[in-house]
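Note sheet for the following structure.
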Amino acid sequence: MADKISLGYTHLSGCTGCTVALADNYAGLLTLLDKYVDLKYMPTLADARHVQKVDVSFVEGSVCINDKLAVEELKETREKSTIVVALGGCACYGNITRFSRGGQQNQPGHEAFLPIGDLIKVDVYIPGCAPTPQMIRNVAVMAYLLLKGTKEQKDLATAFLKPLMTMAQGCEACSCDIMTTVINQGLCMGCGTCAASCPVNAITMEYGKPQLERDLCIKCGACVAQCPRSWFSFDVVENYEAINEAIMAALQ
């Protein structure tokens, strides 16, 4: 595993919380940059002004379709990347930017925002507002193993990334989807994971079942991504220990 993979980071319309989550890996981030990742461009960490050809691109934020430069940058990211990862609820599902309006003093013409998958093909989703630092780190490690690892490592990476790749193929993700696909189907077991993962407390647990406040939901996708009954992957469950060992070994 001597070869590094090249990584790019495109920042569109968002709060930069995903960047903070990435930086919260601390020493783990330094290990990734030292051993596995050649960071080609990123607004806060790499001094590059233009999108470059890379193996993996992380895209943070939704895209404002009133902003011609942002749309062009997103399309260029797709053209120059082998794998595109939508990082965070804004990039995956629109998140809070879905509720944005034009007329603000600094950008009066910016009023329409879309998740990046509405404009380009996305390979992997990492939903959440923001995703956990560990999840970002694990996806980066598994992306490396998928591209540069041994046959066994590539199989483990495929097993780990498969659910996140499936989400990128068109899964909706907000509290309404938890209601229709889990609770209304009698599948909810009252574990409370959805409530624990919600960053805006739009889900509470009452009498052992989740109660949804749809007016508070920002459509970040965290609840669907964390719910064990919204999707279930035998690929991950049956290889959990091997996947965890591979990630921990890579970070040594």
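The values are calculated or read from the model by the stated rules, or taken from the named source; none is laboratory data. All figures in this text were calculated on a predicted structure; none of them were measured in a lab. Using ideal geometry, Cβ is built from the backbone for each residue, glycine included, and neighbour counts are taken over all protein chains shown.
Those strands (runs of 3 or more DSSP E) of region 1-103 in which 2 or more residues are modelled with pLDDT of 95 or more, in contact with a Cys (Cβ under 9 Å, 6 or more places away or on another chain) and among the hydrophobic types (A, V, I, L, M, F, W, C) occupy 81-87.
When region 104-129 is filtered for residues that are exposed (fewer than 14 other Cβ atoms within 10 Å of the Cβ) and assigned to a loop (DSSP other than H, G, I, E, B), the ones remaining, listed by number, are 104, 105, 106, 108, 109, 121.
Could you list, in sequence order, the residues of region 196-229 that are of a type in the set (Gly, Ala, Ser) and surrounded by fewer than 20 Cβ atoms within 10 Å (Cβ to Cβ)? Scanning region 196-229 gives 196, 208. In the set (1) within 17 Å of the chain's Cα centre (by Cα); (2) outside any helix (DSSP H, G or I); (3) hydrophobic (A, V, I, L, M, F, W, C), residue 224 fails one condition alone, (2). For region 140-163, the condition of being closer than 20 Å to residue 20 by Cα, buried (at least 16 other Cβ atoms within 10 Å of the Cβ) and not aliphatic (A, V, I, L, M) holds for none of the residues. Pairs are defined by a Cβ separation below 7 Å, a sequence spacing of at least 6 or placement on different chains, a first member in region 20-35 that is surrounded by 12 or more Cβ atoms within 10 Å (Cβ to Cβ), and a second member that is of a type in the set (Gly, Ala, Ser); the pairs so defined are 20/130; 21/130; 29/23; 32/140. Taken over region 229-252, the residue count meeting the criterion of being touching a Lys or Arg at 6+ places or on another chain (Cβ under 9 Å) and either under 30 Å from residue 209 (Cβ atoms) or in a loop (DSSP other than H, G, I, E, B) (or both) is 4.
The requirement of being among the charged types (D, E, K, R) and outside any helix (DSSP H, G or I) is not satisfied by residue 152.
Let's see how each residue does on (1) of a type in the set (S, T, N, Q); (2) without any contact (Cβ under 8 Å) to a residue 60 or more places away in the chain:
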site	(1), (2)
160	no, no
170	no, yes
180	yes, yes
184	yes, yes
187	no, yes
199	no, no
215	no, yes
227	no, yes
231	no, no
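For first residues located in region 99-111 and at positive phi, partners that are surrounded by 14 or more Cβ atoms within 10 Å (Cβ to Cβ) and assigned to a loop (DSSP other than H, G, I, E, B) and lie 6+ apart or on another chain with Cβ distances below 9 Å form the pairs 103/111. In the set 178, 126, 203, only one residue is in contact with a Cys (Cβ under 9 Å, 6 or more places away or on another chain) and within 21 Å of residue 57 (Cβ to Cβ); that residue is 126. When the criteria are applied in full, residue 249 fails the requirement of being touching a helix residue (DSSP H, G or I) at 6+ places or on another chain (Cβ under 8 Å) and hydrophobic (A, V, I, L, M, F, W, C). Of all residues in region 20-43, at least one satisfies being among the aromatic types (Phe, Trp, Tyr), over 22 Å from residue 248 (Cα atoms) and over 16 Å from the mean Cα position of the chain (by Cα).
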